[in-house]
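First up is the structure itself, then whatever we jot down about it.
The values are calculated or read from the model by the stated rules, or taken from the named source; none is laboratory data. Treat the numbers as computed from the prediction; the structure is a model and nothing was measured. With ideal geometry, Cβ positions are generated from the backbone for all residues, glycine too; neighbour counts draw on all protein chains shown. Surface areas here come from the heavy atoms of the whole protein model, side chains and all, with no ligands, DNA or RNA. Shrake-Rupley method; radii C 1.70, N 1.55, O 1.52, S 1.80 Å.
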Amino acid sequence: MADRLERLRFQLKSLPTAPEIPGVVGLSARVTDLLDITTAVSARIRHCMSDLGAGSSAEAALTAYSSTLAPLGEALTELGRMHAEVVYRNFVIYPRHRDDQSALDLHRQQVAETVSGCFEAADEILEVTAIELRDAATKLAPSPSRLRPAAPARALPAVTPGPASLPPTPPSAAPGAAKSR
């Protein structure tokens, strides 16, 4: 999950920054990605709730994932605000002020400031969340002392030199191949 957040942060960094306005399609995809991550974390919490009677590892997983759900929601809110601004600019403001360049420039500046603020906030939240998820995964991983020793590998049978250990000869080099012509 932390790796998915890192990829999402990388994708967000590739969006155009102020004074450019990100495209609706690219931003929609990033919002959808974050929504999928948030949904997966929520599903994991529900799964842990059902396994809560199984022991302390379920409780630890529940705590770990629950602590990330609120920051993910905050990041989703920030990206949602950014998305709303971009959609509003592209579908409401731009058509309305298409011929009034000064009004369009003023609104572009306001949207760019809002988008930059939302992006920075979401990026910081996602960075912290990724770190928390990585730490949680480390804490939930079984310690080396609790790992079962691996079964010893079976020894290969000893190879004895002789005709069986020679590499097979190609049919053209076999002794009987020359006589058949």
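Comparing the range 82-130 with the 2.2 N^0.38 Å rule of thumb, its C-alpha radius of gyration ratio is 1.39 (two decimals). Computed in the context of the full set of protein chains, the accessible area of the range 83-131 at 1.4 Å probe radius has 52% of its extent on carbon or sulfur. Placing pseudo-labels 7 Å out from each Cα toward the beta carbon at Ser28 and Lys139 gives an inter-label distance of 3.9 nm.
When all protein chains stay in place and ligands, DNA and RNA are ignored, the 1.4 Å accessible-area order of Lys139, Lys13, largest first, is Lys139, Lys13. Derived value for the range 1-128: Kirkwood hydrodynamic radius 16.0 Å. Basis is the mean of 1/r over every pair of different alpha-carbon atoms.
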